[in-house]
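These notes are about the structure you will find just below.
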Amino acid sequence: MTMHSGAKRSLLIAIVVAVALAPLLEWIVKTHSGNYFNGYYLGVLIDIAINIILAVSLNLINGHTGQFSLGHAGFMAVGGYTAAKLTLSLQAAVPVWAQPILFSAALLLGGLAAAVIGLGVGAPSLRLRGDYLAIVTLGFGEIIRVVFQTTDFFGAATGLPAIANWTNFAWAWSLAAVTVFVVACLVNSTYGRGFIATHDDEVAASAMGVNPVRYKVTAFVIGAFFAGIAGGLFAHHKRFLSPTSFDFMKSIDIVVMVILGGMGRTPGVIAAAIILTVLPEALRTFAEYRMIVYSLLIIGLMILRPQGLFTIGKGRTAKV
Amino acid sequence: MELFFQQLINGLALGAIYALIALGYTMVYGVLRFINFAHSDVLMLGAFAAYFLAPGIAKVLPPHSFASALLITILAAAICAIIGILIERLAYRPLRNRPKLTVLITAIGVSLFIEFTCQHKAVFRSETRRFPELLPINDYHFGGLVVNSNDIVVLVTTIILLAAMWFIVQHTKTGTAMRAVAFNMQAASLMGIDVNRIVSFTFGLGSALAAIAGILYAMKAPGIDPLMGIQPGLRAFIAAVLGGIGNLPGAALGGIVLGVVETFAGGIPGLSNYRDGIAFAMLIGILIFRPAGLLGKATVEKV
């Protein structure tokens, strides 16, 4: 995998900015609380970062590789529950200075758990074509929800309360930057051309010696991994997990971000993730129209602008 | 043993409804090669059409009579047929030659649009409504078995409709044209078949079946809401895949199998919590071991 030094530098800058901004924002919230910037806005900023992780990772599956997954919220749930369970059971035993270590371990474990489940779901179902895959992933998302809803270990239908409030601006945005970086480097690498080839023409790709199933499964597992990390961040941000947070509608939310941004176009997807997080917050009073507008947006975009809203020109590239 | 037959009857009645819905999925898939996600919402619209028609029809024909139930069902089916044709005309036809993924996403969009528009407070609202009794409900006892009259209605209706479908597809000119379009759309149009007309007809027929299935479903579970179509719709889709998508007898068989398996699994204490997952587990199983379905023929994609 080739790493572009420019991209590496921007990743470092993004992380440094995120880490530096975090105390500043928290200080503003503390001192000016209730004025122009309060905890609610900080929360929305963290939501944006989590949604960027989700959308960019789904974009690797749906956009770059061209496989339509409708179960991203399921992977998010696996990651969220795993991470939350780990921190809930260990946080009392861990001293304050070690909390970030526990948190990163929990996030990593959540991501890995989601990746393993992703492998389990992806390996058999990715032999299937588009619409079957959509249904299988949808079904998988449902199964995951049913399992969490009926397992007492995970709080069953009442959910997991009182999760530590560890997700802050620095964590969320640093990990968002890492996700964008990894996905971009992966897709732009020699190896990553295989994703694009699988997307463009499976038959031609396999004729050229690219194994489409392998690329699909890889994309699926990596996408699931980051969805799991987003789930861990989500759990420690909302401080409460319930199976209903990860229903079909959550998956659709992420899918809409990818479609709106333009499938396979990372900057567009990031823009869509930001807009689709901020807009519903800004338009709380129109909440009942949100899904109607979403659905019309999907239909209209597919008929008039299938390449997405935030893309200029027709060329389909994997460049970030 | 008695319990076994009781469960079998319940399963058959449930499976018959799945079979009716699955026919719509499979017909549309056969002709256009994509999953019409909005099919389950047409089912819901059918139940709501019957709900709103019932008081009006009651003024003309005596309520609970066979004639009024038949009239309501036919009118609801006609309304849904028109809705189905409109959906195809407005949302799917502009995308006829686009990549399948585009059509699939549009279908999800149409489904969400119908669901959320109907949940809006100016339309049906999201609360559950009581579905009117279209026919008098009786329990018949055969030895220790209890057979609900609704179950009999469901089974008889399904058998009649399956036979009618078989006749339409196999023995009418339109049905022959449908099969031709399903086999090869381009060649069919070169043979002088009006492909657009056949696609519209297919959507109309499938949506009418969905409407009838929706009414039967509502009769059995007497509460309807704008999201009522999702669960039976998903199951029916799985049934269609189970039987081999694009294959009409397969859809019927898949529906029955799924209904029976689900009912039996629901009766086993440890499994009943996972009832929702069973259908999907079956789907994943069939896709791994026999992706063409029970009755489907494995096809090789031509390049």
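The values are calculated or read from the model by the stated rules, or taken from the named source; none is laboratory data. Keep in mind the model is a prediction, meaning the values are calculated, not measured. For neighbour counting, all protein chains shown are included, and Cβ atoms are generated from backbone atoms with ideal geometry for every residue, glycine included. Surface accessibility is based on the protein's heavy atoms, side chains included, excluding ligands, DNA and RNA. Shrake-Rupley method; radii C 1.70, N 1.55, O 1.52, S 1.80 Å.
Counting each DSSP H run of 4 or more residues in chain A as -39500 (n - 2.57), what helix-only mean residue ellipticity at 222 nm follows after dividing by all residues, to the nearest 500 deg cm²/dmol?
-24000 deg cm²/dmol, from helical runs alone.
May I ask you to give the average projected area over all directions of the convex hull of the Cα atoms of segment B:166-303, in nm² rounded to one decimal?
Computing the convex hull of the Cα atoms and averaging its projections yields 10.6 nm².
Would you please give the FRET efficiency between B:VAL123 and A:ALA93, computed as 1/(1 + (r/R0)^6) with r the Cβ-Cβ distance and R0 = 60 Å, to the nearest 0.05?
0.65
Rounded to a whole number, what is D in µm²/s for segment A:147-188 from Stokes-Einstein with the Kirkwood radius over alpha-carbon pairs (20 °C, 1.002 mPa s)?
Estimated diffusion coefficient is 164 µm²/s.
Assign unit charges at the C-beta atoms only (+1 for Lys and Arg, -1 for Asp and Glu), then state the dipole size of chain B relative to its Cα centre in Debye, rounded to the nearest 20.
940
Assuming a strict under-28 Å limit between Cα atoms, what lysine pair count do you get for chain B once near-sequence pairs (fewer than 8 apart, same chain) are dropped?
Count of close lysine pairs: 6.
Just need log10 I(q)/I(0) for segment B:43-164 at q = 0.17, 0.20 Å⁻¹, Debye formula, equal scatterers on the alpha-carbon atoms, no solvent, rounded to two decimals.
Values returned for q = 0.17, 0.20 Å⁻¹ are -1.04, -1.19.
What's the center-to-center distance, using Cα atoms, between segment A:20-87 and segment A:175-192 in Å?
Segment A:20-87 and segment A:175-192 have Cα centres spaced 18 Å from each other.
Using just the Cα positions, wrap segment A:5-304 in a convex hull and report its mean projected area in square nanometres, one decimal place.
Result: a mean projected hull area of 16.7 nm².
On average, how much accessible surface per residue is there in segment A:5-304, in Å², for a 1.4 Å probe, leaving out ligands, DNA and RNA?
I get 38 Å² per residue for this part.
Using the Kirkwood radius built from alpha carbon pairs, what does the Stokes-Einstein equation give as D for the protein assembly as shown at 25 °C and 0.890 mPa s, in µm² per second?
Using the Kirkwood radius from Cα pairs, D works out to 95 µm²/s.
Compute the orientation-averaged projected area for segment B:1-70 from the convex hull of its Cα atoms and round it to one decimal in nm².
For segment B:1-70, averaging the hull's shadow over all directions gives 7.2 nm².
Given the Cα atoms of chain B, and with Rh set as the inverse mean 1/r over their pairs in the Kirkwood sense, what is Rg to Rh to two decimals?
0.97
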